[in-house]
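The values are calculated or read from the model by the stated rules, or taken from the named source; none is laboratory data. Being a predicted model, the structure only gives us computed values, none of them experimental. Cβ coordinates were reconstructed from backbone atoms using ideal geometry, including for glycine residues, and neighbour counts include every protein chain displayed. SASA here: full protein model, heavy atoms, side chains in, ligands and nucleic acids out. Shrake-Rupley method; radii C 1.70, N 1.55, O 1.52, S 1.80 Å.
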Amino acid sequence: MLFRTFCRQCLVTVVASAFVCFADTSSAQEQFLAKGGKAEAVIVVGQESGPFYRWVAGELQRYLQKLSGAEFAIVTSDKVPAEKTPILLGSPANNPLTASAQQKQLVSFAGLKPDGLILKTVDLAGRPAVVAGGNDEAGTMYAVYELLERLGIVFQLTNDIIPQQKPNLPLPKLDLRIEPVLKHRGMHCC
């Protein structure tokens, strides 16, 4: 009887110690897009990005603010603050940081179909980054909306469903390559 009690106490101690150790390591490694209602990330477009890419960046900025309450800056690829997690929009052809991620073989846009998208969390220059893009404008737009859906937003024809605001918005682990099955996306009524 005494031996069983001792074994149970040892087992409880071991399990509790393991739980504390695992809890500490996971929270220490967790990265955030927003923490405490403050942006921990920036939205990055290429220096030569046209109005469509800037509009897509504005959409991402607007919805991230609704999700977290944080104000996310939109910057060009030559002005990324070192302390922020970059969310890279676009393909290697129009965003030099996305091109750098592809050169380091962290992502591959090779052979990506029109309207296809890449959405991936990578380690770029020793810090986390999110690559959200396609080889065309539509693919990049779809990547941004896919990211927002992964963060909890539901897009509907009548009204978007936005979850309750969370001041701490974790950086998701992503590794997606999505290509359309059909030649054209969307509803074609005519």
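Look through the range 106-145, keep the residues that are charged (D, E, K, R), closer than 13 Å to ILE178 by Cβ and in contact (Cβ under 8 Å) with a residue 60 or more places away in the chain, and return whichever of them is surrounded by the most Cβ atoms within 10 Å (Cβ to Cβ).
Residues of the range 106-145 that are charged (D, E, K, R), as a first pass: 113, 115, 120, 123, 127, 136-137.
With closer than 13 Å to ILE178 by Cβ added as a condition, the list becomes 113, 115, 120.
Cutting the leftovers down to in contact (Cβ under 8 Å) with a residue 60 or more places away in the chain gives us 113, 115.
Values: LYS113: 15, ASP115: 21.
If we take residues in the range 106-145 being charged (D, E, K, R), closer than 13 Å to ILE178 by Cβ and in contact (Cβ under 8 Å) with a residue 60 or more places away in the chain, then ASP115 is surrounded by the most Cβ atoms within 10 Å (Cβ to Cβ).
For the range 96-108, residues that are in contact with a strand residue (DSSP E or B) (Cβ under 6 Å, 6 or more places away or on another chain) and assigned to a loop (DSSP other than H, G, I, E, B) total 2. Somewhere in the range 72-95, is a residue under 17 Å from the mean Cα position of the chain (by Cα), in a helix (DSSP H, G or I), of a type outside the set (Lys, Arg) and within 29 Å of PRO163 (Cα to Cα)? Taking every residue of the range 72-95 in turn, none turns out to be under 17 Å from the mean Cα position of the chain (by Cα), in a helix (DSSP H, G or I), of a type outside the set (Lys, Arg) and within 29 Å of PRO163 (Cα to Cα). ALA18 falls short on exactly one of the conditions (1) open to solvent by 70 Å² or more (accessible area, probe 1.4 Å); (2) modelled with pLDDT under 95, and that condition is (1).
Evaluating GLU30 against the criteria (1) over 18 Å from the mean Cα position of the chain (by Cα); (2) modelled with pLDDT under 95 leaves one unmet condition, (1).
Each residue in the range 147-181 was checked for being acidic (Asp, Glu) and either in a loop (DSSP other than H, G, I, E, B) or crowded, with 17+ Cβ neighbours inside 10 Å (or both), and 2 pass.
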